[in-house]
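Quick notes on the structure that follows.
The values are calculated or read from the model by the stated rules, or taken from the named source; none is laboratory data. As the structure is a computational prediction, the values presented were derived from the model and not from experiment. Cβ sites come from the backbone with ideal geometry, for glycine too, and all protein chains shown count toward neighbours.
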Amino acid sequence: MQFRLTLRPVASQTLVPFNYAYRLSAFIYAVLADADKQYADFLHGKGYEFSSTRRFKLFTFSDLIMPNARLDMKAGGLWINSPHIEWVVSFYVDTAAQHFIMGLFQDQRCVIASPKHRANPGRANPGRAEFIIERVEAVPVEIRSQTVQLRTLSPVVIAEKDARGMDQYLHPSDEQFGPLLVSNVLAKYSSIQTAVPAGEAPADSIDAGSLTYRLLANAGRQAAQPKSRLVTIKEGSREETKVRGYYGFMFELSGPSELLELAVLAGVGRYNAEGFGCVGVK
């Protein structure tokens, strides 16, 4: 289930730092922990296991949707110029959990603070962006066909190792982008099967060739190209790392509806729980 949240800035002037996604991820874990600590600890500490080195959290979220935001490189962020902003949060959970999750986020206070936020005299507390979640709307994802067109709601991270073992981040038109994206979705699906409770039969296995990817031209903007963004994860900590994702493009996935639904709800590519790979049905 996807949820569209409407957020109201607490201050009349609010600066959102560039690398805000990690703070939003921490906020989601905190909200879940308040309601179900065991589930939150499972997601944060373990997740759904595909292998000893690959685990998935099966949730993701979009970029903040901030109309007319003003870029301020010196201050290190974006000034909000609208009374409300929006945010899409997506969970691969049973539909029975819809009302439970909606209740968790309603009226919550979300704070985004970055260690690199600079003080800016004359502004209202620029080092702390604070919001009240005024509305939570469920957005059902029901895929009944075997082909779906998707648009990016946050950067998609797809990478392959080079000869030195370093990640090389791929453009959506790269010939390996599609196969690696498909492989990631299939790995997520496999992790769900291994997590089936004892006594329940796992779903039938799905052939690797049953899911395909195709990059689409933006309607009316044939010359437009996917844009890239270098994002810092865990900024200011010992685990700080930079990853590059691509956004502003549309693509088509074809395959079994359960795989298409998983791709939409859990996200595509890497670092979904850190705010990458969130997509919406076109």
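Given the structure, is R164 closer than 23 Å to E258 by Cβ and out of contact with any strand residue (DSSP E or B) (no Cβ under 9 Å at 6 or more places or on another chain)?
On the way: closer than 23 Å to E258 by Cβ: no; out of contact with any strand residue (DSSP E or B) (no Cβ under 9 Å at 6 or more places or on another chain): yes.
Here the answer is no, as R164 does not meet what is asked.
Pick from the range 104-122 the residues that are modelled with pLDDT under 85 and surrounded by 16 or more Cβ atoms within 10 Å (Cβ to Cβ): which of them is nearest to V279 (Cα to Cα)?
Filtering the range 104-122 down to residues modelled with pLDDT under 85 leaves 104, 113-122.
The next check asks that each one be surrounded by 16 or more Cβ atoms within 10 Å (Cβ to Cβ); those that pass are 104, 114, 117, 120.
Working: L104: 22, S114: 26, H117: 29, N120: 35 Å.
Looking at residues that are modelled with pLDDT under 85 and surrounded by 16 or more Cβ atoms within 10 Å (Cβ to Cβ), I get L104.
If I filter the range 147-184 down to residues being over 20 Å from F61 (Cβ atoms), within 20 Å of the chain's Cα centre (by Cα) and among the small types (G, A, S), which single residue comes out as surrounded by the fewest Cβ atoms within 10 Å (Cβ to Cβ)?
So the residue we want is S183.
Please go through the range 185-223 and pick out each residue that is at pLDDT 65 or above, surrounded by fewer than 17 Cβ atoms within 10 Å (Cβ to Cβ) and not β-branched (V, I, T). Steps first, answer last, please.
Filtering the range 185-223 down to residues at pLDDT 65 or above leaves 185-193, 206-207, 209-218.
Checking which are surrounded by fewer than 17 Cβ atoms within 10 Å (Cβ to Cβ) leaves us with 187, 193, 207, 209-210, 212, 214-218.
Residues satisfying the conditions are A187, Q193, D207, G209, S210, R214, L215, L216, A217, N218.
Cβ-Cβ under 6 Å, sequence separation 6+ or interchain: first residue in the range 1-14 and more than 16 Å from A129 (Cα to Cα), partner assigned to a loop (DSSP other than H, G, I, E, B). Which pairs?
Matching pairs, first to second residue: Q2/V141.
Please identify the pairs in which a residue from the range 88-115 that is closer than 19 Å to E142 by Cβ has its Cβ atom under 6 Å from the Cβ atom of a residue that is assigned to a helix (DSSP H, G or I) and at pLDDT 80 or above, counting only partners at least 6 apart or on another chain.
S90/L265; Y92/L265; Y92/A266
For R8, indicate whether it is charged (D, E, K, R), modelled with pLDDT of 90 or more and buried (at least 18 other Cβ atoms within 10 Å of the Cβ). Lay out the reasoning, then the answer.
On the way: charged (D, E, K, R): yes; modelled with pLDDT of 90 or more: yes; buried (at least 18 other Cβ atoms within 10 Å of the Cβ): no.
The answer is no for R8.
Would you mention how many residues in the range 64-91 are surrounded by 20 or more Cβ atoms within 10 Å (Cβ to Cβ) and under 17 Å from R151 (Cα atoms)?
Matching residues across the range 64-91 total 5.
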